[in-house]
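Beneath this line is the structure, given in structure tokens, with notes to follow.
The values are calculated or read from the model by the stated rules, or taken from the named source; none is laboratory data. Given the structure is predicted, the values throughout are model-derived calculations rather than measurements. In this analysis, Cβ positions are derived from the backbone assuming ideal geometry, glycine residues included, and neighbour counts consider all displayed protein chains.
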């Protein structure tokens, strides 16, 4: 199957995507629609004079998507969501969630989450392959927790993997208990500890071998959350 990238400024494309989204949200009563690639794929050069934008590449690419998404959001039912693949700053105002499956890098910090965590939800990591996939899955889930992401994008068969299932249950239950922090709190710098936290290292397959190290203590790794006044707010 061959796929073509369509210029997002065209009326045909904007109407087609809008019609699909609104049909899913209205006729099929879905809570959310995932629009693939918008925040993931780079802009392409467009030399079609009939589109009415400057030829080549410019800000018209993102503005074309803005126009399309503004129209969809203006017509969609209240309380519904739009999500997309990956995270990209120009689209934060138009989406409710980002599939952060590509956050796969060694030494990464939650800079995007620290800035936009109160404006957009982040969810999902690429999981499930490689010789050390069990260790990698636990590393990713722990990092998701402290980065403020929703835990997941995991094969449902994980419930039959005793160690992984037990670990994930702890992470998910802890995130549920602390959900108010991730909704209304502000991400601050990590605490300064008096001793070193041991690290774990595993292959997070991406393009070939992809070695990543994280702290072993998911509760203290990388970040903390502040500005929630009382324990009552997170219950």
Residue 100 passes all but one of the listed conditions (1) free of Cβ contacts under 8 Å to residues at least 12 places away in the same chain; (2) within 26 Å of residue 125 (Cα to Cα); the exception is number (1)
Filter segment 60-71 down to the residues that are in contact with a helix residue (DSSP H, G or I) (Cβ under 7 Å, 6 or more places away or on another chain) and either at pLDDT below 95 or surrounded by fewer than 21 Cβ atoms within 10 Å (Cβ to Cβ) (or both), then identify the one that is farthest from residue 39 (Cα to Cα). 71
Of all residues being assigned to a loop (DSSP other than H, G, I, E, B) and free of Cβ contacts under 8 Å to residues at least 40 places away in the same chain in segment 182-195, which is surrounded by the most Cβ atoms within 10 Å (Cβ to Cβ)? Just the residue, please. 190
Of all residues in segment 102-113, count the ones that are surrounded by fewer than 17 Cβ atoms within 10 Å (Cβ to Cβ) and either out of contact with any strand residue (DSSP E or B) (no Cβ under 9 Å at 6 or more places or on another chain) or at negative phi (or both). 6
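A quick yes/no check of all residues on (1) surrounded by fewer than 16 Cβ atoms within 10 Å (Cβ to Cβ); (2) at pLDDT 90 or above; (3) farther than 18 Å from residue 109 by Cβ; (4) in contact with a strand residue (DSSP E or B) (Cβ under 6 Å, 6 or more places away or on another chain):
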{"position": "129", "(1), (2), (3), (4)": "yes, no, yes, no"}
{"position": "133", "(1), (2), (3), (4)": "no, no, yes, no"}
{"position": "145", "(1), (2), (3), (4)": "no, yes, no, no"}
{"position": "149", "(1), (2), (3), (4)": "no, yes, no, yes"}
{"position": "197", "(1), (2), (3), (4)": "yes, no, no, yes"}
{"position": "201", "(1), (2), (3), (4)": "yes, yes, no, yes"}
{"position": "209", "(1), (2), (3), (4)": "yes, no, yes, yes"}
Considering only segment 91-99, I want to know if a residue exists there that is within 20 Å of residue 206 (Cα to Cα), touching a strand residue (DSSP E or B) at 6+ places or on another chain (Cβ under 8 Å) and modelled with pLDDT of 90 or more. yes
With in a helix (DSSP H, G or I) and either under 11 Å from the mean Cα position of the chain (by Cα) or closer than 18 Å to residue 215 by Cα (or both) as the only criterion, which of 141, 114, 165 stands out? 141
Filter segment 168-181 for residues that are at pLDDT below 90, touching a strand residue (DSSP E or B) at 6+ places or on another chain (Cβ under 9 Å) and assigned to a helix (DSSP H, G or I) and give the result. 181
Can you tell me how many residues in segment 27-59 are assigned to a loop (DSSP other than H, G, I, E, B), exposed (fewer than 15 other Cβ atoms within 10 Å of the Cβ) and without any contact (Cβ under 8 Å) to a residue 24 or more places away in the chain? 11
Checking residue 24 against (1) out of contact with any strand residue (DSSP E or B) (no Cβ under 7 Å at 6 or more places or on another chain); (2) without any contact (Cβ under 8 Å) to a residue 24 or more places away in the chain; (3) surrounded by 15 or more Cβ atoms within 10 Å (Cβ to Cβ); (4) more than 30 Å from residue 110 (Cβ to Cβ), only one condition comes out false. Which one? (1)
Of all residues in segment 151-162 being more than 11 Å from the chain's Cα centre (by Cα) and touching a residue at least 24 places away in the same chain (Cβ under 8 Å), which is surrounded by the fewest Cβ atoms within 10 Å (Cβ to Cβ)? 155
Residues of segment 117-138 being in contact with a helix residue (DSSP H, G or I) (Cβ under 8 Å, 6 or more places away or on another chain), closer than 16 Å to residue 187 by Cα and in a loop (DSSP other than H, G, I, E, B), which ones? 117, 118
Mind listing whichever residues of segment 70-97 are within 16 Å of residue 124 (Cβ to Cβ) and outside any strand (DSSP E or B)? 86, 87, 88, 95, 96
